[in-house]
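The values are calculated or read from the model by the stated rules, or taken from the named source; none is laboratory data. Keep in mind it's a predicted model, so treat the numbers as computed, not measured. Glycine also receives a Cβ, built like all others from the backbone with ideal geometry; neighbour counts cover every protein chain displayed.
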Amino acid sequence: TNPTKEEVEYVDSIMADVKWLGFDWGEHLFYASDYFEKLYGFAEQLITKGLAYVDDQTHEEMRANRGTLTSPGTRS
């Protein structure tokens, strides 16, 4: 989450859930927004290596191709 954009209650809720799962972030609380550029770089590396891709479907196409509980979706 981005603490400057998210409501404090959401951040508090995520923190409670993480604690419930048995994890502890130690002395420093990390936010994805703190290292977004690094994550973006990792994504670019995966795409370059052919291990990930960017799906350029529209929202409507994704909805149409999405599977259900009883039938698989269509490959994009």
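For residue 5, the requirement of being loosely packed, with under 10 Cβ neighbours inside 10 Å, modelled with pLDDT of 95 or more and not aromatic (Phe, Trp, Tyr) is not met.
Does region 50-59 contain any residue that is among the hydrophobic types (A, V, I, L, M, F, W, C), part of a helix (DSSP H, G or I), under 16 Å from the mean Cα position of the chain (by Cα) and modelled with pLDDT of 90 or more? Within region 50-59, none of the residues are among the hydrophobic types (A, V, I, L, M, F, W, C), part of a helix (DSSP H, G or I), under 16 Å from the mean Cα position of the chain (by Cα) and modelled with pLDDT of 90 or more. Among the residues of region 8-44, those that are in a loop (DSSP other than H, G, I, E, B) and farther than 30 Å from residue 55 by Cα comprise 21, 22, 23, 24, 25, 26, 27, 28, 29.
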